[in-house]
Amino acid sequence: MATVVGGIAWLFALRGIYGLSWTRSAVVAVIIWTVSYFVTVALGLPTATGPL
């Protein structure tokens, strides 16, 4: 639930701060979320210590 609310707030922020349309702000948000996910997986998982 918090992820959905955060996503909606992110769309409002992109639209309000940068003056983007709803469609463009959604596209930018999806690109940012995808890149941040893959960076987290690529940099975070190889440095994990494994099962504790």
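The set of residues from the stretch 1-24 being at pLDDT 85 or above and among the hydroxyl-bearing types (Ser, Thr, Tyr) comprises Tyr18, Ser21, Thr23. Scanning the stretch 9-24 for residues that are surrounded by 11 or more Cβ atoms within 10 Å (Cβ to Cβ) and either touching a strand residue (DSSP E or B) at 6+ places or on another chain (Cβ under 9 Å) or in a helix (DSSP H, G or I) (or both) yields a total of 8.
One residue alone among Val27, Val39, Val5 is surrounded by 12 or more Cβ atoms within 10 Å (Cβ to Cβ), among the aliphatic types (A, V, I, L, M) and within 15 Å of the chain's Cα centre (by Cα), and that residue is Val27.
Answer yes or no as to whether Thr34 is assigned to a helix (DSSP H, G or I), loosely packed, with under 10 Cβ neighbours inside 10 Å and modelled with pLDDT of 85 or more. No; evaluated as a whole, the condition is false for this residue.
The values are calculated or read from the model by the stated rules, or taken from the named source; none is laboratory data. Values in this document were obtained by computation on a predicted structure and should not be read as measured data. Here Cβ is always computed from backbone atoms with ideal geometry, including for glycine, and neighbour counts include all displayed protein chains.
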